[in-house]
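Any read-out appearing in this document is the output of simple, stated calculations on the displayed coordinates, not a laboratory observation. From a predicted model like this one, the values you see are computed outputs, not experimental measurements. As a convention, Cβ positions derive from the backbone with ideal geometry for all residues, glycine included, and neighbour counts pool all protein chains shown.
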Amino acid sequence: MSETLKSRKILNDPVYGFITIPSELIFTIIDHPYFQRLRRIKQLGLTDFVYPGALHTRFHHAIGAMHLMSITLDNLRNKGNEISDEEYEAALIAILLHDIGHGPFSHALEFSLLKNIHHESLSLLVIDELNQQLHGQLDLALRIFKNQYDRKFFHQLVSSQLDIDRLDYLQRDCFFTGVSEGTIGADRIIKMMAIKNDQLVVEEKGLYSIENFLSARRLMYWQVYLHKTTVSAEKMLINLISRAKDLVQSGQSIKGTDEFMHFLGNDFTLEDFKNSKDLIQTFLELDDYDIWGGIKLWKKDSDYVLRNISSMFLQRNLFKINLNSEEFSQEELQDLWNKTQNKLGVPDEDMKYFFSCGSISNNAYVAKERIHILTKKGEIIDVAQAADLPNIKAMSKIVKKHYACRAKNLTL
């Protein structure tokens, strides 16, 4: 890998300290407008409504994940695993670009601004487009990203239950939210990683670190990612975007950037993106600022739904939310609906914008996507089988909670 003065730039990361950009190609990718856009997309969407410090971005996370990948590959090399410079750089690029397809507010709008299109699918299209612009220099990174490279552990480092993505975001999200209970021993986990039969494994002496990692992940989901106030804020935003789309697609005019209006006015499919580079380019012009700009404009809109929910957002007047372990009965939901409608005085057809219900779920360990433990005897077994505590077995069970949230009042 080249080591020109330009490519050896150093970034100061609040979590890890100084991070060196290791090659000219990686510097070119980071400097590209597609990647720089990640500076304008917050990692945790609306979580700063609960934890004010959660203002870090997808850019922070991607750079941090690249750094952890380099440490991991160095560790694997030190254990005698042959990793070429080309593979090393490609793995760094694959993890660097794993979130490049995220839209505004990360996961919050993944299935509302776009319908049934996962960000991973868009990431793949964007990496492919970047690869064309860079004359095929990302070929190997693409193969790793798509799990088409014959050395499977590289893809497992990018996407699995113990991937570099999770190791970074758990540490980073703990740091910026201040939720110290979610802290993991990422350094020890990385040092305990090994390769056996071309699969990523963790040495048996790292078992307790894995237990802590899974426990921390479960805690972070309930305490941060699925915090009831965050859920309420996200449902408000989804309802707001839904109203905006309904208005635009019915021919009414509202204000917003050209790119934002393009996606409000159309329901694109993944095939549409595959068939149009212009559509990908338009999507890559979107970020959190488009949404916030729209919300600020809509607080004065003539449509009372758009006007009210936008004003609620800007004032942090969030929907009231009830969260239960048991599913709400139809009678309970109807009673909440009726009380909300009577209080707000809105017609039936508009109540869907002021009332949301559904469920959220969390399982820290998916048994079918195993974390493998390498025993002292050289055997490979599932972490749930290796653990001498029942924690991990319990974590494989899906825990579901049910919510109902509704507007407290109309203000405008």
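Hey, if you drop one equal point scatterer on each alpha-carbon of the chain and run the Debye formula without solvent, what base-10 log of I(q)/I(0) do you get at q = 0.10 Å⁻¹?
-0.75
Could you tell me what % of all Cα pairs in region 10-226 have separations over 31 Å?
Result: 17 percent of Cα pairs exceed 31 Å.
Would you please calculate the Kirkwood hydrodynamic radius of region 228-361 over all C-alpha pairs and express it in Å, rounded to one decimal?
Value: 16.5 Å, from the Cα pair sum.
For an R0 of 51 angstrom, estimate the FRET efficiency from the Cβ-Cβ distance between residue 348 and residue 84 and round to the nearest 0.05.
Step by step, r from the Cβ atoms, then E = 0.20.
If you take every DSSP beta bridge fully contained in the chain, what fraction is antiparallel? Give it as a percent rounded to 5.
95
What FRET efficiency comes out for the pair residue 20/residue 292, r = Cβ-Cβ distance, R0 = 35 Å, nearest 0.05?
FRET efficiency, residue 20 to residue 292: 0.55.
From Cα coordinates alone, what are the radius of gyration and Dmax values for region 120-217 in angstrom?
Cα radius of gyration and Dmax of region 120-217 are 15.9, 45 Å respectively.
Starting from 0.36 nm per residue, how many nanometres of slack lie between residue 278 and residue 120 once their C-alpha separation is accounted for?
Once the chain is fully extended between residue 278 and residue 120, it gains 55.0 nm.
Just to be sure I understand the model, the point goes 7 Å from the Cα along the line to the Cβ. What's the resulting residue 39 to residue 146 distance in nm?
Label at residue 39, label at residue 146, 3.2 nm between them.
Going by average Cβ neighbours within 10 Å, how do the peptides 170-177, 98-105 rank, with the highest at the top?
The densest-packed peptide leads the list: 98-105, 170-177.
So if I place +1 on the C-beta of Lys and Arg and -1 on the C-beta of Asp and Glu, and nothing else carries charge, what would the dipole magnitude of the chain be about its Cα centre? I want it in debye, nearest 20.
1180
Please list 248-258, 278-288 highest first by mean number of surrounding beta-carbon atoms within 10 Å per residue.
278-288, 248-258
Apply the membrane-span-like helix rule to the chain: whole DSSP H runs, Cα extent along the own long axis of at least 24 Å, mean Kyte-Doolittle hydropathy at least -0.5. List the helices found.
Going by DSSP H runs, the hits are 58-78, 228-249.
Report the full-extension gain for the segment residue 183 to residue 300: residue separation times 0.36 nm, less the Cα-Cα distance, to one decimal in nm.
Result: 37.8 nm gained on full extension.
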